[in-house]
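Notes for the one structure printed next.
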Amino acid sequence: MRLPGFLTRNLRAKALALAIALVTWVGVVYAGNPPESRTVAVHVPQDQASLPGAFVLATPIPDVTVRVSGTREHVNAFDVSSLSVSVDYRDITRTGAQDLPIRVVNNDADVSLDNVPGSVRADVDQRDSVKLPVSIVFDQTPPSGYVITGQKVVPDSVAVNGPRRQLGGLSVQVHLDMADQKTNLVESLVNVLLYDRFGRRVGNLGVQPSQVTVSVTVSSVATSRSSAVVPKVSGSPSSGRYLAGISASPLTVVLTGPQELLNGLDSMSTAAIFLGGLGTGDHVFQVRLAPPAGVTAAPDTVTVTVTIAALPTPTPAPPTPTPTPTPTAAPPTPS
């Protein structure tokens, strides 16, 4: 087939023009959306269920890095979740450091991957389990005047499983803040924490159960102090009488109880003695003291002597004498 002449004339010039146009078009396109690449970190799946039952990873496998290439628009829009990563843990047959095959599949057709690793380094150990007691650590103790007198954890031990080399020297603790606790504490679902022999938190081991119930008994600290006895009365003496005196024996008693309750007890009142109907003279009563709840007194009964006297009868004033009139002299008789 013979092509028309206008197509075959100046063929070299036409080809050069087409090449220049194509280069210009590519330059315009890439000027607005040039090619680009960036490095991304990809998480390596390491679920324990994927490993042979007798083995466990002694340390987590770090993320791997791959380079993503494409246009700026596509690279910026790329999401790491479009990558599928798998490790062939079936190759594990022994403990120690070893290389395992890794496969990274790109599900984003707009970008390509470079520098994709073919294997990852894994530190493998024998899977083991130990049973350890749970201890309570008090970050803050009860306030002044209160002490911890009992503690209990249910269950009192847990099973810790993981790499055999990491199970030595571990301690299992629950932490409590008792700074404002003045009563007994019962708290369930308290998280247990693992610490190594250097006191550092350990978070890559399994614990069963991971929560326990903690019971703590808090008691007040008993202290003593001396306090003055103040007899208390009620009512008034009968008409014509008055309270002439009142005294207690002993004058002081010893109070025992929590420090915070004793701080304000400089004196201690007795039960009230009713004064109505008491005759004159001394009246002796055995009266119990009335300390507040949580405080005891020794002795708890004192002797109170009440003296009632009669009001004095007023002496009547003597009558005032009537003055005698002075006689008046008679007038002289005229001569």
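Read-outs: derived from the displayed coordinates by stated rules, not from any lab. The model shown is predicted, which means the values in this text are computed figures rather than measured ones.
Could you give the length gained on full extension between Leu251 and Thr59, defined as 0.36 nm per residue of separation minus the Cα-Cα distance, in nm?
Stretched out fully, the Leu251 to Thr59 stretch lengthens by 61.6 nm.
Could you pull the Rg and Dmax for region 222-310, using just the Cα atoms, both in Å?
14.7, 48
Nearest 500 deg cm²/dmol is fine: what mean residue ellipticity at 222 nm does the chain get from its DSSP H runs of n ≥ 4 alone, each adding -39,500 (n - 2.57), divided by its residue count?
Mean residue ellipticity, 222 nm, calculated: -3000 deg cm²/dmol.
Express as a percent, rounded to the nearest 5, the fraction of DSSP beta bridges in the chain (both residues included) that run antiparallel.
Approximately 85 percent, going by the DSSP bridge assignments.
Give the share of C-alpha pairs in each 10 angstrom bin for region 127-220, from 0 to the last occupied bin, in whole percents, shortest bins first.
Using 10 Å bins, I get a P(r) of 16, 45, 27, 11, 2 for region 127-220.
For the chain, what does the alpha-carbon gyration tensor say about shape, rounded, prolate or oblate, given a ≥ b ≥ c as the root eigenvalues, a/c under 1.5 as rounded, and a/b over b/c as prolate?
oblate
Step through the residues of region 246-259 one at a time and calculate ³J(HN,Hα) from phi using the Karplus curve (6.51 cos²θ - 1.76 cosθ + 1.60, θ = phi - 60°), rounding each to whole Hz and writing x for Gly and Pro.
So the Karplus estimates, Gly and Pro as x, are 8, 8, 10, 9, x, 7, 9, 9, 9, 9, 10, x, x, 4 Hz.
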